[in-house]
Amino acid sequence: MVQYKEDNPTYYIRYDNDIPTAKFRLKKLPYCSAIVMLCSLEVFPDHRGKGVAKEIFRFVEQEAIRLKYTTILCTDVESNTPMRKTLKRCGWGDVHKTTNQNTGNTVYLTIKNLKNMDKRKATIFLTGFFSLVSFVSFLILNIWN
Ligand SMILES: CC(C)(COP(=O)(O)OP(=O)(O)OC[C@H]1O[C@@H](n2cnc3c(N)ncnc32)[C@H](O)[C@@H]1OP(=O)(O)O)[C@@H](O)C(=O)NCCC(=O)NCCS
């Protein structure tokens, strides 16, 4: 019997008080160590509509950064409103739209650029730092005078 097996699956299961609530995979793109693909995401039916997907997206971004990826990509279909909303809320951007010839579905290729997150964090840090320096300088000048 001929069998085909997928290479190197990486499954994550999300538990809530030991109860499995969701699963997903983060799979490295073949031949490219910069990009990882989020796939097979499923919040189990009893746990949907409670913000679990949004929380998973936060974890996925932290995990991808920890594993030194700079981009995450995923595909989803136009009719999947919860998934579309989650991607938009979490700052993912559509980079391509196509029609699946097998199913007739409108499919989006969507990415999260993690390098931008580093820049955003650096901007927030520098803004905070210079505000603090200005405030301390202002206090010192007032005490001095
Ligand atoms: C898509 C999926 C992962 C979303 O998970 P979830 O934990 O239920 O999502 P959340 O509770 O975080 O909700 C995300 C958003 O969708 C909205 N939403 C949730 N269920 C909805 C529904 N049935 N119809 C319309 N909007 C819905 C939420 O209000 C929320 O919107 P907001 O950002 O405006 O608050 C989940 O529905 C699922 O596992 N579906 C089956 C598998 C699947 O489609 N996987 C994705 C493959 S690409």
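A straight line joining the Cα centroids of the range 46-85 and the range 86-141 runs 14 Å.
For the chain, the share of alpha carbon pairs falling in successive 10 Å distance bins from zero is 9, 30, 29, 15, 8, 6, 2, 1, 0 percent. Quick check: residue separation of Tyr4 and Asn145 times 0.36 nm, minus the Cα distance between them. What number comes out in nm? Contour length minus the Cα-Cα distance gives 42.8 nm. For the range 24-52, the residues whose amide N sits under 17 Å from a probe point set 7 Å from the Cα of Cys90 along the beta carbon direction are 24-29, 35-45, 47-52. Both radii come from the Cα set of the range 23-102: Rg as radius of gyration, Rh as Kirkwood radius; their ratio Rg/Rh reads 0.96. Taking amide hydrogens as placed 1.01 Å from N in the peptide plane, the amide H of Phe44 sits under 5 Å from those of Ala22, Lys23, each at least 5 positions away in sequence or on another chain. Using R0 = 41 Å, the C-beta based FRET efficiency linking Thr75 and Phe135 works out to 0.30. Counting only alpha carbon atoms, the long axis of helix 52-66 and the longest principal axis of the chain meet at about 70°.
Only Cα pairs under 8 Å and 6+ residues apart enter the sum, and on that basis the relative contact order of the chain stands at 15 percent. For the range 16-57, the equivalent ellipsoid derived from the alpha-carbon gyration tensor has semi-axes of 26, 10, 8 Å in decreasing order.
Bear in mind that the values in this text are calculations on the coordinates, not laboratory data. Please read these numbers as outputs of a predicted model, since none were measured by experiment. Glycine also receives a Cβ, built like all others from the backbone with ideal geometry; neighbour counts cover every protein chain displayed.
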